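These notes are about the structure you will find just below.
The values are calculated or read from the model by the stated rules, or taken from the named source; none is laboratory data. In this text, all values refer to a predicted model and were calculated from it rather than measured experimentally. In this analysis, Cβ positions are derived from the backbone assuming ideal geometry, glycine residues included, and neighbour counts consider all displayed protein chains.
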């Protein structure tokens, strides 16, 4: 497999880059003149791009042949063999992952078509596309919440996704999109049908998941053009379950305008790591997912028997969503769905979120009681509401929770031989990449839930050295555990107290922290993981 200059590189990419610069400028305009460069970089990261693909101008080098590797690829290692060290480098590293994923897994997602027009009303959206001398169109239905707009919009693929009643009750509109109008199932690979293939050819090597992703992007184009009087152009989400969960996962990864991605029970070809599925008892084989429908790109067929030869894996697709909101929901009761491999993908992708200072922006929940496929579950309602509030309404805090079912709990350490780097240009590790809480403080502490189970959870606290030129020689963190929570084990630190207000000072080997660097301590605790420890301080 050979790569040269990124094949999506076109003159319109320059306009996309200019738009990105404008967004970053707006994001940092509200900061005071005294704000640090780190604060400004972090604010730009949190704002996110207002374009479909902010790395369209990145040149992707030729990596040569990809050697087989049973471990998950290092998401931080560039194709030239070096590792990224700053948040700004992630943009083009993400572009490398994107192109590798298109070439080997999904097929190409074309750049924005030459012409996209349509309408938005309180009941529906029309989309008309013209590109390469061909045209096609499709529609979607709109359901508005109560109240007055404009409203955020969540695109629901195929009528199956996160609970629409909860979405509307949270203040967001539902856009019901039939993916089959864009990429139809039940067709052979050499004669694919639907709006996407009417424009780009029935023999296109692009699979249905990417075609559906393209359809979601064209809906967003029309919402943007509508002026935002009914639906907000800068607050969109996407969700789907089962095959439509696969589509939602791909849509969120490949369009950076999507603020919240919520795939449910996506199974083989969705979120679960490809390398893990062959060893997962009862999981749908990759060959089956490839042949059941033309969901995946034609090129993926050569990897179904040996996914270790893939140049990418889905933990990196999870990373492509970062630092935007992501809520992965899985069902451990149906072996076919490969939830153990899904937890590995989530944990691996969470390392990208963590490196970008956005650890709380990803949530994962597979610890559910009801095993019915694509059921609306009470366990997911709270974090769903929180996610919509945080990422679509800009209120409240992200759930930042990992509830991994003990039935299907993956071990990330068994799948990776790389370490997560400390990237310069990161803000408070707990607030999604924004400015540090109290920039005059020597250090800042942030919390994330690593995983949880019935009656307990594992937490991690990151300690960031706010100085750009002086190393920390030691630290003390204060935090308050919620009622009923009690620490049972703690590492890299020495705690005073196990419940309520506690303090943790560094263990002798964990005190030194480089300028702009980060260290961590972890713990396990009994009690409900729903309320994370609060009142974090660092000195």
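Can you tell me which residue is farthest from the chain's Cα centre (by Cα) among those in the range 217-239 that are in a strand (DSSP E or B) and under 15 Å from residue 252 (Cβ atoms)? Before you say what the answer is, go through the steps one by one.
So in the range 217-239, the residues in a strand (DSSP E or B) come out as 231-239.
Within this subset, residues satisfying the condition of being under 15 Å from residue 252 (Cβ atoms) are 235-239.
On the way: 235: 15, 236: 14, 237: 12, 238: 12, 239: 12 Å.
This residue is 235.
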Scanning the range 247-290 residue by residue, the ones that are out of contact with any strand residue (DSSP E or B) (no Cβ under 7 Å at 6 or more places or on another chain), part of a helix (DSSP H, G or I) and in contact (Cβ under 8 Å) with a residue 12 or more places away in the chain total 10
Positions within the range 182-205 being assigned to a loop (DSSP other than H, G, I, E, B) and more than 18 Å from residue 130 (Cα to Cα), in sequence order
184, 185, 186, 187, 188, 192, 203, 205
Quick check, is residue 179 buried (at least 24 other Cβ atoms within 10 Å of the Cβ) and within 28 Å of the chain's Cα centre (by Cα)?
yes
Being at pLDDT below 85 and out of contact with any helix residue (DSSP H, G or I) (no Cβ under 9 Å at 6 or more places or on another chain) is the filter here; which residues of the range 522-535 pass it?
529, 531, 534, 535
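For residue 398, indicate whether it is touching a helix residue (DSSP H, G or I) at 6+ places or on another chain (Cβ under 8 Å), under 30 Å from residue 149 (Cβ atoms) and modelled with pLDDT of 90 or more.
Working: touching a helix residue (DSSP H, G or I) at 6+ places or on another chain (Cβ under 8 Å): yes; under 30 Å from residue 149 (Cβ atoms): yes; modelled with pLDDT of 90 or more: yes.
Yes, satisfied.
Out of the residues in the range 291-312 that are more than 24 Å from residue 78 (Cβ to Cβ) and without any contact (Cβ under 8 Å) to a residue 60 or more places away in the chain, which is surrounded by the most Cβ atoms within 10 Å (Cβ to Cβ)?
Step one: filter the range 291-312 for residues more than 24 Å from residue 78 (Cβ to Cβ), giving 291-296, 298, 301-302, 304-306.
Narrowing further to those that are without any contact (Cβ under 8 Å) to a residue 60 or more places away in the chain: 291-292, 301-302, 304-305.
Details: 291: 14, 292: 14, 301: 14, 302: 13, 304: 18, 305: 11.
The extreme case among them is 304.
Give the residue, chosen from 376, 345, 414, 358, that is closer than 27 Å to residue 107 by Cβ and in contact with a helix residue (DSSP H, G or I) (Cβ under 9 Å, 6 or more places away or on another chain).
On the way: 376 fails: closer than 27 Å to residue 107 by Cβ; 414 fails: closer than 27 Å to residue 107 by Cβ; 358 fails: closer than 27 Å to residue 107 by Cβ.
None of the others qualify; the one that does is 345.
Of all residues in the range 68-82, which are loosely packed, with under 14 Cβ neighbours inside 10 Å and either free of Cβ contacts under 8 Å to residues at least 40 places away in the same chain or within 23 Å of residue 253 (Cβ to Cβ) (or both)? Break it down into steps so the answer makes sense when it comes.
Kept after step one, since they are loosely packed, with under 14 Cβ neighbours inside 10 Å, are these residues of the range 68-82: 68, 70-71, 80-82.
Selection gives 71, 80, 81, 82.
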Quick one: what pairs do we get from the range 344-369, first residue on the phi > 0 side of the Ramachandran plot and buried (at least 24 other Cβ atoms within 10 Å of the Cβ), second at pLDDT 95 or above and assigned to a loop (DSSP other than H, G, I, E, B), C-beta under 8 Å, 6+ apart or different chains?
357/323
Within the range 108-124, identify whether any single residue is surrounded by 19 or more Cβ atoms within 10 Å (Cβ to Cβ), at pLDDT 95 or above and under 20 Å from the mean Cα position of the chain (by Cα), and answer yes or no.
yes
